[in-house]
Amino acid sequence: MANEPEKQQRSAVAHADENDEKPIPETQIKETDYSRPTNPNDIDLRAGEVHNLDQAALFLHEHNFTQSDLQTLLQDEQAQKKIRRRVDWVLMPLLCGTYMLQYIDKQTLSYSAVFDLFESTGTTKGQYSWLASIFYFGYLVSEWPASYLAQHFPTARVVSLFVLAWGALLMLTAACQNFAGLAVCRFFLGCCEALVTPTFMLFVGQFYTRKEQPARAGMFYCFNGVGSSVGGILFYAVGQEQGFAVWRAIFILCGGVTVVWGVILLYYLPNNIMTAKRFTPEEKALLIARTQQNQTGIYNPVIKLSQVREALLDPQCWILFFFVLLNETVNGGIANFGKLIVKGLSGGDALLTTAYGIPQGALQVFFVFTGPFLASKFKNIRTLIMILYLLPTIAGTALFWQLPHTPSNTKGLLVSYYIIGSYVASLVLALQLPATNVGGYTKRVTATAFVFLGYCAGNIIGPHAFLAAEAPVYETGCKVCMACA
C-alpha cells in the first residue's frame, strides 16, 4: 500500500488548479508542471482523479507512465538517437516541403512581374508595392485567429486545410484581370499562409529538445533557398511559353502543386506527440520525456488568459517584436523587389533574370543552415549569431548602392545582391526563441503570434521604401535596409 506522503502527493496533483500559482506542499506542482522535468520520485499519476493537466500529462496517466519510467527511458541513449531519427524522417520532410512551396508561392508575384504581369493586368509599379504589402495585411489580420484555431483544434488538420485553401487561391489568381482582383487574392493568400511558420515553430518546439531545435528550424527554413533555386529553374522553363500569359501559367502551376501537397499533409502530418500514428506508446512517452527537459509545456488546447497577459508584458517578447519588425522591413523590400533589381542588371531580359536568381537561392541555403547550426553547437550564442549574420546584409547593401551600375560591374553587383540575404539566418533564430524560451503552451503560442505581428508589419513597410522612380538602384530602399539591419 502507498504510504502517507505518496497519498498526499497524488492528492496535490489531482486538485491542482490552473490559476493557482502558489507552491503545493512537497511537490510544488503548477498547472503545467507535469510537462516539466521533475524528480522521478516526486509524482505518480497512476492513481486518483486528474484535472487541468496538459495533454501530455493525461497521456502518461492513461498509459500508466510514471516520472520514474520517463527517467529510465531518458537513460537509454540509443533509444533517444533512434527516436530523433524517426522524428526527422516523419516530420521534417513535411515541414521542409511545405516551406519550399510556401516560398515559391510567395515569389509567384515577383516572378510574374519579371514577365508580363504589368502589361497583362495594367498594374503599375506603385500598385505592385501595394500588392506586396496587401499580402501581409491578410497575414496580420489572420495571425491571431489562425493561432487560436491551431491551438483549439487539431493543429495538423488546420494547417492542411489552410494549405489547400492557399493552393486554390493561387489558381484563382490566374483569372484576375486587373489590380483590384489581384489585391483581393493577395489579401486572402496572406490569410491562408499566416498559419504556417508559427505552427511549424511550435511543432519543432514540441518534438525536439532545446539543443536540437535551432538546427531543425534552420533545416526547414533552408527550403526558402531551395524554393528560390527550384522556382528559378521552374519559371525559366515556364517562361518559354508562347501564346499564353506566362504569369497566369506560373500561378496555375504553383497552385495545383500546392493543392496536391495539402492532401498529403492532411494524411501524414501529426497533430501532436500524443496522437501521432507512427509512434508506439513507449516512443511517445520518450518524446514527452525529452520535451519535458525544455521546461516549456507540450500541448494544451485550453486558452489561458493569464498566460496571454503575461506574454504581452514580457520584455523579451517586445525585444523580439522590434528585432523582427526591423529585420522584415529589409525582407519586405528585398523579397519583392529583388527580381526587379536583378532584371535591371540583366538588361531587362526576363529569362536571364530567372537564371540569375538561382545562385541567390543556393547562397540563402548556406546562410540559413550555418546560422542555426552554429547556434546549436555552442551554448548561449544565439543572439551573437543573429548580430553576426546581419553584417553581410549591411556590406552587400552598401556595395550595391555605391558601386557604379555599369555592364563592367554586373558581376560585383550580383554578388552584392546575393550576400544581402544573410539577414534571413538572424530571422530564423529570432522566430525560434519564443518556442524555446517561453514556458506555458498558451504563453508560447501568444508570444509566437505577437512576434509575427512584427514580421507582418515589417513586410508591409519594406516594399514602400523601393520607389519606382529610383530604379534600378533604389537608393531609398538601400538606405532603409542599412538602417534597419
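Where a number appears in this text, it was derived from the coordinates with a stated rule and is not lab data. On a predicted model such as this, the values are computed, not experimentally measured, just so you know. In this analysis, Cβ positions are derived from the backbone assuming ideal geometry, glycine residues included, and neighbour counts consider all displayed protein chains.
Sort Arg210, Arg86 so the one with the fewest other Cβ atoms within 10 Å of its own Cβ comes first.
On the way: Arg210 18, Arg86 15.
Ascending Cβ contact count within 10 Å gives the list Arg86, Arg210.
In this simple spin-label model, placing a label point 7 Å from the Cα along the Cα-to-Cβ direction at both Ile264 and Arg157 gives a separation of 2.3 nm. A protection proxy built from the mean count of other Cβ atoms within 10 Å ranks the segments 161-168, 412-419, most packed first, as 161-168, 412-419.
The alpha carbon centroids of the stretch 82-150 and the stretch 404-455 are separated by 15 Å. Within a Cβ distance under 13 Å of Leu131, other residues only, what is the Lys/Arg minus Asp/Glu net charge? Every neighbour counted, the sum reads +3. Each other residue within a Cβ distance under 15 Å of Glu328 adds +1 if Lys or Arg and -1 if Asp or Glu, for a net charge of -1.
Between Gln293 and Ala469, how high is the FRET efficiency from 1/(1 + (r/R0)^6) when r is the Cβ-Cβ distance and R₀ = 41 Å? Nearest 0.05. Show your work: numbers first, answer last.
Numbers: r = 55 Å, r/R0 = 1.35.
Calculated transfer efficiency: 0.15.
Ranked by the mean number of other Cβ atoms within 10 Å of their residues, highest first, the peptides 215-228, 90-103 fall in the order 215-228, 90-103.
Counting Lys +1, Arg +1, Asp -1, Glu -1, what net charge surrounds Phe369 among other residues with beta carbon under 14 Å of its beta carbon?
Values: positive: Arg216, Lys377; negative: none.
Spelling it out: positives minus negatives among the neighbours equals +2.
3J(HN,Hα) along the stretch 256-265: x, 5, 5, 4, 4, 5, x, 5, 4, 4 Hz, from the Karplus curve 6.51 cos²θ - 1.76 cosθ + 1.60 with θ = phi - 60°, whole Hz, x for Gly and Pro. Take the Cβ atoms of Tyr148 and Ala395, set R0 to 30 Å, and the FRET efficiency comes out at 0.10. Around the amide H of Asn271, modelled in the peptide plane, lie the amide H atoms of Ala156, all under 5 Å away and 5 or more residues distant in sequence or on another chain. Of all lysines in the structure, those lying under 27 Å Cα to Cα from Lys339, and not within fewer than 8 positions of it along the same chain, are Lys106, Lys125, Lys411, Lys479.
Summary of packing: across the peptides 136-145, 186-195, the per-residue average of other C-beta atoms within 10 Å ranks them, highest first, as 186-195, 136-145.
As an exercise, use a Förster radius of 56 Å and the Cβ-Cβ distance of Asn409 and Gln78 to find the FRET efficiency, rounded to the nearest 0.05.
On the way: r = 56 Å, r/R0 = 1.00.
Step by step, r from the Cβ atoms, then E = 0.50.
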